[in-house]
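Trainee: Starting off with a structure, shown below.
The values are calculated or read from the model by the stated rules, or taken from the named source; none is laboratory data. For clarity, every value in this text was computed on a predicted model and none was experimentally measured. Here the Cβ positions follow ideal geometry from the backbone for every residue, glycine too, while neighbour counts run over all protein chains shown.
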Amino acid sequence: DQQVKQNSPSLSVQEGRISILNCDYTNSMFDYFLWYKKYPAEGPTFLISISSIKDKNEDGRFTVFLNKSAKHLSLHIVPSQPGDSAVYFCAASAQGGSEKLVFGKGMKLTVNP
Amino acid sequence: ETGVTQSPTHLIKTRGQQVTLRCSSQSGHNTVSWYQQALGQGPQFIFQYYREEENGRGNFPPRFSGLQFPNYSSELNVNALELDDSALYLCASSLDRGLSEAFFGQGTRLTVV
């Protein structure tokens with residue numbers, strides 16, 4: 001039972017354009033959502049998070065949007081850069097923070113120069 | 001550089017054997033979690049330790065066990081290895097439970113033959 005779903009395994013965008021990564025969840029108890037970026041041979045690196053009491057959180061080029069009624073969140077990267085090429089994981093927690101995270105399968109983002 | 005180091009980086013074991021994986025957390029981080037990432041999947045929560053006590057467990061059998069030590073190091077032990085245990089094992093440490101960010105190590109790649 002996949003509680004966090006990233007339905008698109010990959011995305012390719014041009015440098016400078018917007019990258020939109022989507023994530024759906026099924027568990028209504030999730031109250032904190034995070035995005036992690038992972039390069040090969042490295043562990044996941046925290047990117048940005050959002051609490052369920054908010055619908056948007058922005059940090060530089062990265063913005064996460066949360067639609068609780070649709071159980072959907074998205075990560076927007078503007079402008080996309082080649083260094084953003086990595087696997088991105090959506091994760092959720094029912095503990096209010098970074099505890100006992102439930103991850104999606106990941107999406108590979110490729111930003112072409 | 002997250003300050004979380006795992007050893008070894010790669011390991012090959014035979015089915016039925018036992019394995020111990022190690023993690024060194026950032027100083028002061030009293031919470032450590034272990035995740036299993038199978039090929040093509042997102043990390044899956046195994047268990048969490050808080051101040052040397054198990055503080056939550058995912059859907060993993062008892063042959064997966066752990067220890068956390070006062071010096072901010074921890075271990076994941078797996079008995080009676082099965083072929084399906086082949087995966088990347090990640091540890092993540094955080095300053096405390098709740099809203100503090102979790103920092104991941106680079107992982108240990110375990111192959112069971």
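Trainee: If B:Gln17 passes every condition in (1) buried (at least 16 other Cβ atoms within 10 Å of the Cβ); (2) farther than 16 Å from A:Glu99 by Cβ; (3) away from chain A (no Cβ under 14 Å); (4) modelled with pLDDT of 95 or more but one, which one does it miss?
Mentor: Checking B:Gln17 against (1) buried (at least 16 other Cβ atoms within 10 Å of the Cβ); (2) farther than 16 Å from A:Glu99 by Cβ; (3) away from chain A (no Cβ under 14 Å); (4) modelled with pLDDT of 95 or more, the one that fails is (1).
Here's the yes/no breakdown for (1) surrounded by 13 or more Cβ atoms within 10 Å (Cβ to Cβ); (2) under 20 Å from B:Leu88 (Cα atoms); (3) touching a helix residue (DSSP H, G or I) at 6+ places or on another chain (Cβ under 7 Å):
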| position | (1), (2), (3) |
| --- | --- |
| A:Asp1 | no, no, no |
| A:Val4 | yes, yes, no |
| A:Asn7 | no, no, no |
| A:Ser12 | no, no, no |
| A:Cys23 | yes, no, no |
| A:Leu34 | yes, no, no |
| A:Pro40 | no, yes, no |
| A:Pro44 | yes, yes, no |
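Trainee: Another question, if that's okay. Residues to consider are A:Lys100, A:Lys68, A:Lys56, A:Lys105; find the one that is at pLDDT below 95, among the basic types (Lys, Arg) and over 10 Å from the mean Cα position of the chain (by Cα).
Mentor: A:Lys100
Trainee: Here is a follow-up. Would region B:83-96 turn up any residue that is in contact (Cβ under 8 Å) with a residue 40 or more places away in the chain, among the aliphatic types (A, V, I, L, M) and outside any strand (DSSP E or B)?
Mentor: Yes, that holds for at least one residue.
Trainee: Would you check if A:Leu47 is within 14 Å of chain B (Cβ to nearest Cβ), within 30 Å of B:His10 (Cβ to Cβ) and touching a Lys or Arg at 6+ places or on another chain (Cβ under 8 Å)?
Mentor: Criteria met by A:Leu47.
Trainee: I'm told B:Phe47 meets every condition in (1) surrounded by fewer than 20 Cβ atoms within 10 Å (Cβ to Cβ); (2) away from every other protein chain (no Cβ under 14 Å) except one. Can you identify the failing condition by its number?
Mentor: (2)
Trainee: Moving on to the next point. Residue by residue through region B:77-113, note down the ones that are away from chain A (no Cβ under 11 Å) and surrounded by 16 or more Cβ atoms within 10 Å (Cβ to Cβ).
Mentor: Scanning region B:77-113 gives B:Val78, B:Leu81, B:Asp85, B:Ser86, B:Ala87, B:Leu110, B:Val112.
Trainee: Is there a residue in region B:56-76 that is more than 8 Å from chain A (Cβ to nearest Cβ) and touching a helix residue (DSSP H, G or I) at 6+ places or on another chain (Cβ under 7 Å)?
Mentor: no
Yes/no per residue for (1) in contact with a Lys or Arg (Cβ under 8 Å, 6 or more places away or on another chain); (2) outside any helix (DSSP H, G or I); (3) over 11 Å from A:Trp35 (Cα atoms):
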{"residue": "A:Glu58", "(1), (2), (3)": "no, yes, yes"}
{"residue": "A:Leu66", "(1), (2), (3)": "yes, yes, yes"}
{"residue": "A:Ser69", "(1), (2), (3)": "no, yes, yes"}
{"residue": "A:Leu73", "(1), (2), (3)": "no, yes, no"}
{"residue": "A:Gly83", "(1), (2), (3)": "no, no, yes"}
{"residue": "A:Phe89", "(1), (2), (3)": "yes, yes, no"}
{"residue": "A:Ala92", "(1), (2), (3)": "no, yes, no"}
{"residue": "A:Gln95", "(1), (2), (3)": "yes, yes, yes"}
{"residue": "A:Lys108", "(1), (2), (3)": "no, yes, yes"}
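Trainee: Working only within region A:60-83, note down all residues that are surrounded by 19 or more Cβ atoms within 10 Å (Cβ to Cβ) and closer than 28 Å to B:Ser33 by Cα.
Mentor: Within region A:60-83, A:Val64, A:Leu66, A:Leu73, A:Leu75 qualify.
Trainee: Quick check, is A:Lys71 over 24 Å from A:Gly16 (Cβ atoms) and either within 14 Å of another protein chain (Cβ to nearest Cβ) or without any contact (Cβ under 8 Å) to a residue 24 or more places away in the chain (or both)?
Mentor: Judged against the criteria, A:Lys71 is not a match.
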